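Worksheet: one structure, shown below.
The values are calculated or read from the model by the stated rules, or taken from the named source; none is laboratory data. These figures come from a predicted structure and were not determined experimentally. When we count neighbours, we look across all protein chains shown, and the Cβ atoms used for this are built from the backbone with ideal geometry, even at glycine. In case anyone asks, the SASA skips ligands and DNA or RNA and just uses the protein heavy atoms, side chains included. Shrake-Rupley method; radii C 1.70, N 1.55, O 1.52, S 1.80 Å.
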Amino acid sequence: MVLDIDAEIHARIAAMEAEPQASTDPAAVRREILFINDTVHTTGVAGHDPPRPLAQIEVGGISSPHSTVTRGIIRFRRRDDLCPPYFKEADRTIRLWVDIAHIDHVAMQLSHRKRWLWIGIWPDGFTYSDLHSRP
């Protein structure tokens, strides 16, 4: 079975747009989809007062035919330190912040055979991003 990621993401956007407050045509939502084929796990400490531990995973891969993304950074933080996801054109990178409580789940997903990271950017500036995988 061939996996049509673009169709799957389109269906996810359509489901989100089915909410009563939604008003955007799913085709108007920009999407950047990265098929992951490489991961690098990194940890460190930020020089704050007090210092805070940092954990992140960088992923590389191939973009879908209608995307330009080449890399993703998944940063793990406490719930209070989460930020909205964004796509940076200059380095073609999706940046996604995830609650550190989910680090084991993300590590499990990255062990799967098929993995992709995506971000949707709505015309009004709303963004949504997540990691998908299939064993």
Normalising by the residue count of segment 84-135, find the relative contact order in percent from Cα pairs under 8 Å and 6+ residues apart. 35
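Which is the longest part of the chain that has none of the trypsin sites (Lys or Arg not before Pro) sitting in a DSSP loop with at most 13 other Cβ atoms within 10 Å?
Longest gap between qualifying sites, sites excluded: 1-77.
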Quick one: 3J(HN,Hα) in Hz for segment 107-115, Karplus 6.51/-1.76/1.60 with θ = phi - 60°, rounded, Gly and Pro as x. 4, 5, 4, 6, 7, 6, 6, 10, 9
Excluding ligands and nucleic acids, what accessible area in Å² is computed for Thr39 using a 1.4 Å probe, to the nearest 10? 40
Of all accessible surface on segment 40-79 at a 1.4 Å probe, what whole percent is carbon and sulfur? 56
Residue among His102, His48, His112 with the largest mean-square fluctuation in a Gaussian network model of the chain, springs linking Cα atoms under 10 Å: His48
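Count the DSSP beta bridges whose two residues both fall in segment 40-135, then state the antiparallel fraction as a percent rounded to the nearest 5. Please list the in-between numbers first.
Numbers: 24 of 31 bridges.
Close to 75 percent.
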Just the number please: accessible area per residue for the chain, 1.4 Å probe, all protein chains included, in Å². 58
Looking at segment 49-135, which chymotrypsin sites (Phe, Trp or Tyr not before Pro) are in a loop (DSSP not H, G, I, E or B) and have at most 13 other Cβ atoms within 10 Å? Phe126
To the nearest 20 Debye, how big is the dipole of the chain about its Cα centre, given +1 on the beta carbon of each Lys and Arg and -1 on that of each Asp and Glu? 400
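For Leu82, Leu34, write out the residues from largest to smallest accessible area, computed with a 1.4 angstrom probe and no ligands counted. Write down the numbers at each step before the final one.
On the way: Leu82 70, Leu34 0 Å².
So, going from the largest accessible area down, we get Leu82, Leu34.
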Given labels modelled 7 Å from the Cα in the Cβ direction, how far is it in nm from Thr70 to Asp4? 3.0
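To two decimal places, what compactness ratio does the chain give when its Cα radius of gyration is scaled by 2.2 N^0.38 Å? Don't jump to the answer; show the numbers that get you there.
Numbers: Rg = 15.5 Å, N = 135, 2.2 N^0.38 = 14.2 Å.
Cα-based Rg divided by the globular estimate yields 1.09.
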Just to confirm a number: summing +1 for Lys and Arg and -1 for Asp and Glu over residues other than Arg92 whose beta-carbon lies under 10 angstrom from that of Arg92, what do you get? -1
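Assuming R0 = 22 Å, can you tell me the calculated FRET efficiency for the pair Thr42 and Leu82, based on Cβ-Cβ distance, to the nearest 0.05? Mind dumping the intermediate values first?
On the way: r = 18 Å, r/R0 = 0.84.
Computed FRET efficiency for Thr42 and Leu82: 0.75.
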If DNA, RNA and ligands are ignored and the probe is 1.4 Å, what is the ranking of Ser64, Ser111 by accessible area, most exposed first? Ser111, Ser64
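When only DSSP loop residues count, what GluC sites (Glu not before Pro) in segment 31-135 have their Cβ near at most 14 other Cβ atoms within 10 Å? List each step's numbers first, then the result.
Values: sites: Glu32, Glu58, Glu89; in loops: Glu89.
Here the sparse-neighbourhood loop sites are Glu89.
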Rank Val69, Val40, Val98 by mean-square fluctuation in a GNM of the chain with C-alpha springs under 10 angstrom and give only the top-ranked residue. Val40
Taking only Cα atoms, what is the 0 to 90° angle, nearest 10, from helix 5-17's long axis to the longest principal axis of the chain? 90
For the chain, modelled as a Gaussian network with Cα springs under 10 Å, which listed residue fluctuates most, Ala101, Ala90, Ala55? Ala90
